[in-house]
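> Next up is a structure, given as structure tokens.
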Amino acid sequence: MTTTTTATTAAPTAVGTAHTRVEGRDKVTGAARYAGEVPLAGLTHGWLAVSTIARGRIRALNTAAVLAMPGVVAVLHHGNAQTLNSDYTSLMGKPDPALQVFQHDRVPYLGWPVALVIAETSEQAREAAESLVVEYDEEPHDVAFGADRPDAFIPEPADASEKKKGDLANEFAASAFVVDSEYTTPEEYHHPLEPHAATAYWENGRLEIIDSNQSSMLVAQELAKLFSLDPTAVRVRAEHVGGAFGAKICRPHQVAAALAATFLQRPVRLVLTRRQMFSLIGYRSATAQRVRLGADADGRLRALQHEGWNQTSTIHDFVERSADVARAMYEADAHHTVSRLVRLDVPTPTFVRAPGEAPGSFALECALDELAEKCGVDPIALRARNEPEVGPISGLPFSSRRLLTCFEEGARRFGWADRDPRPGVRREGRWLLGTGTAAASFPTLAGPSTAAVTAEADGTFTVRITAADVGTGARTALTLVAADALEVAPERVTVRIGDSDFGQAWIAGGSAGTRSWAWAVSLAGRELREKLALGGTIPPQGITVRSDSKAALEALPKRERHAFGAQFAEVAVDVATGEVRVRRMLGVFAAGRIINPLTARGQFVGGMIWGLSMALHEEGVRDAASGGQVGADLAGYHVAANADVPLVEADWIDDPDEQDPTGIKGIGEVGIVGAAAAVANAVWHATGTRHRHLPIRPDRVLTAGTASA
Ligand code: MOS
């Protein structure tokens, strides 16, 4: 069937209009398949055996007994696995040696993969993997993190880890008020509801991976390099993804599955257990932070110093850049921010929603609240007083900065004007009540992407892009973006994502997914519309336009680009039990163009709830004796549950950015930033006690006491 090409009638109004998820029906009916459940003929199942020591060497693997067990096909380990390439640069820079699966006998942390048992069924594989006896030469391990470690160092590149401006000593000496506080945040785990899973098989000379990830392109490139394959010989697909948060990039399990499929020349599926995820997918490092602020009597900052420490493994440096948030947020005559690392016998930490900004804003925004108290200045007025004209460190103009508008709108809606600033004076039965606020920001990033848009002969349109919808609603957002670029109704557009064969595209990370992909999709969509406007008929194979956003991205002027927000929280603190309950939260954001208000609200609210969870519940506890996590499951690792979450309201203000053709700033991460600080500041306002160590557990509240109890 052919149609004329000029049937473009709808005005571009899809973007900005609430739209339910285009794959929503598939998800609620179970038609949507996830990586661990896609049916495949001849499938075998892998189960990882991971180390039970935190440091040492594998002396022996007693595989014979396991190979004799029912259904067992093979046991893969450092003695029989093929050699992988380790000499390459990945999209993320130096590759993580954790991807060198089964390449040597060294064990750098507890939960390191030592073998993969492959069997006909998943149950047989598990039974065998759990029976595998591994003998180790164990060495003493060290997992004790703290800011007092003498071996802490400033990681490379040093000029990124440390930024200095002005004379700190002089400015502190000249300050009327000084805050000098230390804060800590524990290890935090970003476990998606859907565990990591990968199915690997060879077909027509290509390595195929059915995966759950936040970038099929990234995983494909990494596997191609590891296995020394031509990039076109690897195809990775991730159609539906049940959460990612930074955890779902290339991880040891995809490599192990690919090793096994190559070894056996049979399809192999590997699903991680929740417990294995505590050592194999990364996590947010514990942080120690020291913030020193020096201010004039009216609260204007003369000196700002933010020092951050985090742990990493002995095999790879990962920096949780907590101190960086101050570089864009507040002006000061003297400004010093630095990150330091401590190498321990622990898994390498990784990107976790708002890496750097989430723990960094907790310390910085609490310190500002402490300064507001000291100066006797309202916390919002204090922030207004220290609003920079240009990037405090970069000197670059802001593309747009509407932080104060967020505070004004938030204060109005939250009822901030009526707030009595005195702490510990509001009581309702056994509850002490308080409110707190904090600022939020997250950089606006983008990466080059390609998109193909096809006008089909039946009058519909198909978009192909290696995007990932990790639960954010990205597929739906891109449908709306494409509809507007084509000037057709969204119902006529099908967006296909999660297939590395669709070409280079940025990852669903750094809040940059939708911004990066929308750029390429609108370029291709607009070009196709212009082409169709010339008239003619559409051939059976359709008409396809492919666009690359690289040149447009490079043409963008250098600016400080960030999303901003103002967070508000009200808490009640039980003086008898020390329990903190959040009563309401409000976040008002300036985050550029909002594509789909429905899913955007979900993103903001989700981030804020995580901030609540970070403030009150989440704490990965590392056991000094074993070197592993004490509560390595979702019973031991507490996250906020429904009953912990009150009314959470998120909204946004208009935040146009004329220089940016997408107008999108990214909304995935800014929602968590500042949320924990707003809660902690509210706890101070309720009780008169500062809580500088997360989470604010009942025992900590009781031990600290309250100003008025
Ligand atoms: Mo996000 S932590 O950049 O996936």
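The values are calculated or read from the model by the stated rules, or taken from the named source; none is laboratory data. Computed from a predicted model, the values in this text were never measured in an experiment. Methodologically, a virtual Cβ is constructed for each residue, glycine included, from the backbone with ideal geometry; neighbour enumeration extends over all protein chains shown.
> With respect to Gly636, is the statement that it is touching a Phe, Trp or Tyr at 6+ places or on another chain (Cβ under 9 Å), without any contact (Cβ under 8 Å) to a residue 40 or more places away in the chain and part of a loop (DSSP other than H, G, I, E, B) true?
Numbers: touching a Phe, Trp or Tyr at 6+ places or on another chain (Cβ under 9 Å): no; without any contact (Cβ under 8 Å) to a residue 40 or more places away in the chain: yes; part of a loop (DSSP other than H, G, I, E, B): yes.
Spelling it out, it is not the case that Gly636 is touching a Phe, Trp or Tyr at 6+ places or on another chain (Cβ under 9 Å), without any contact (Cβ under 8 Å) to a residue 40 or more places away in the chain and part of a loop (DSSP other than H, G, I, E, B).
Residue by residue, here is whether (1) acidic (Asp, Glu); (2) closer than 22 Å to Val241 by Cβ; (3) surrounded by fewer than 13 Cβ atoms within 10 Å (Cβ to Cβ) holds:
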position	(1), (2), (3)
Thr20	no, yes, yes
Gly46	no, yes, no
Ala49	no, no, no
Ile53	no, no, no
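> Shifting gears a bit: Just checking, does the range 610-622 include any residue being touching a helix residue (DSSP H, G or I) at 6+ places or on another chain (Cβ under 7 Å), among the small types (Gly, Ala, Ser) and more than 26 Å from Pro490 (Cα to Cα)?
Yes, because at least one residue in the range 610-622 is touching a helix residue (DSSP H, G or I) at 6+ places or on another chain (Cβ under 7 Å), among the small types (Gly, Ala, Ser) and more than 26 Å from Pro490 (Cα to Cα).
> Can Thr435 be described as of a type in the set (Ser, Thr, Tyr), farther than 24 Å from Arg302 by Cβ, surrounded by fewer than 19 Cβ atoms within 10 Å (Cβ to Cβ) and more than 16 Å from the ligand (Cβ to nearest atom)?
Here the answer is no, as Thr435 does not meet what is asked.
> Continuing with the same structure: Can you name the number of the only condition in (1) assigned to a helix (DSSP H, G or I); (2) within 16 Å of the ligand (Cβ to nearest atom); (3) of a type in the set (D, E, K, R) that Arg327 fails?
(2)
> From the list Ala518, Ala566, pick out the single residue that is assigned to a strand (DSSP E or B), touching a residue at least 24 places away in the same chain (Cβ under 8 Å) and under 30 Å from Arg413 (Cβ atoms).
One residue alone meets the criteria, Ala566.
> Now, a different point. Evaluate the following for Ala144: is it at negative phi and surrounded by fewer than 17 Cβ atoms within 10 Å (Cβ to Cβ)? Don't jump to the end; show me each part of the working.
Working: at negative phi: yes; surrounded by fewer than 17 Cβ atoms within 10 Å (Cβ to Cβ): yes.
Taking the combined requirement at face value, the residue satisfies it.
> Now a separate question. (1) assigned to a loop (DSSP other than H, G, I, E, B); (2) surrounded by fewer than 24 Cβ atoms within 10 Å (Cβ to Cβ); (3) among the small types (Gly, Ala, Ser): which one isn't true of Ala354, the others all being true?
(2)
> Could you give every pair whose Cβ atoms fall below 9 Å, whose first residue belongs to the range 151-162 and is within 18 Å of Thr314 (Cα to Cα), and whose second residue is part of a helix (DSSP H, G or I), counting only separations of at least 6 or pairs across chains?
As it stands, the answer is Ile154/Ser161; Pro155/Ser161, since those pairs meet every condition given.
> Let me ask another. Could you please find all residues in the range 209-267 being over 21 Å from Val114 (Cα atoms) and hydroxyl-bearing (Ser, Thr, Tyr)?
Passing the criteria: Ser212, Ser215, Ser216, Ser228, Thr232.
> Take Leu76 and tell me if it is assigned to a strand (DSSP E or B) and in contact with a His (Cβ under 6 Å, 6 or more places away or on another chain). Break it down into steps so the answer makes sense when it comes.
Values: assigned to a strand (DSSP E or B): yes; in contact with a His (Cβ under 6 Å, 6 or more places away or on another chain): no.
Criteria not met by Leu76.
> Collect the residues in the range 192-214 that are within 16 Å of the ligand (Cβ to nearest atom) and within 25 Å of Gln103 (Cα to Cα), keeping them in residue-number order.
If the condition is that a residue be within 16 Å of the ligand (Cβ to nearest atom) and within 25 Å of Gln103 (Cα to Cα), then His196, Asp211, Ser212, Asn213 are the ones that fit.
> Could you list, in sequence order, the residues of the range 651-678 that are surrounded by fewer than 21 Cβ atoms within 10 Å (Cβ to Cβ), out of contact with any helix residue (DSSP H, G or I) (no Cβ under 6 Å at 6 or more places or on another chain) and in a loop (DSSP other than H, G, I, E, B)? Talk me through it step by step, then tell me what you get.
Taking the range 651-678 first, the residues surrounded by fewer than 21 Cβ atoms within 10 Å (Cβ to Cβ) are 651, 653-654, 656-659, 661, 663.
Those left that are additionally out of contact with any helix residue (DSSP H, G or I) (no Cβ under 6 Å at 6 or more places or on another chain): 651, 654, 656-659, 661, 663.
If the condition is that a residue be surrounded by fewer than 21 Cβ atoms within 10 Å (Cβ to Cβ), out of contact with any helix residue (DSSP H, G or I) (no Cβ under 6 Å at 6 or more places or on another chain) and in a loop (DSSP other than H, G, I, E, B), then Asp654, Pro656, Asp657, Glu658, Gln659, Pro661, Gly663 are the ones that fit.
> Further question: In this structure, is Glu370 touching a residue at least 24 places away in the same chain (Cβ under 8 Å), out of contact with any helix residue (DSSP H, G or I) (no Cβ under 9 Å at 6 or more places or on another chain) and away from the ligand (no atom under 14 Å from the Cβ)?
Considered against the rule, which asks whether it is touching a residue at least 24 places away in the same chain (Cβ under 8 Å), out of contact with any helix residue (DSSP H, G or I) (no Cβ under 9 Å at 6 or more places or on another chain) and away from the ligand (no atom under 14 Å from the Cβ), Glu370 comes out as no.
> If you don't mind, there's one more thing I want to ask. I need a count of the residues in the range 323-370 that are under 19 Å from Asp298 (Cα atoms) and in the same structural domain as Pro140 (by TED's automatic domain parsing).
7
> Inside the range 248-296, can you point out the residues that are in contact with a Leu (Cβ under 8 Å, 6 or more places away or on another chain), within 17 Å of Leu48 (Cβ to Cβ) and within 16 Å of the ligand (Cβ to nearest atom)?
Cys250, Arg251, Ile281
> Kindly provide the set of residues from the range 164-191 that are of a type in the set (D, E, K, R) and either within 16 Å of the ligand (Cβ to nearest atom) or buried (at least 19 other Cβ atoms within 10 Å of the Cβ) (or both), ordered by number.
Glu171, Glu187, Glu188
Let's see how each residue does on (1) assigned to a helix (DSSP H, G or I); (2) away from the ligand (no atom under 16 Å from the Cβ); (3) of a type outside the set (Asp, Glu):
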site: Ala483; (1), (2), (3): yes, yes, yes
site: Val495; (1), (2), (3): no, yes, yes
site: Gln504; (1), (2), (3): no, yes, yes
site: Ser511; (1), (2), (3): no, no, yes
site: Ser522; (1), (2), (3): yes, yes, yes
site: Arg526; (1), (2), (3): yes, yes, yes
site: Leu532; (1), (2), (3): yes, yes, yes
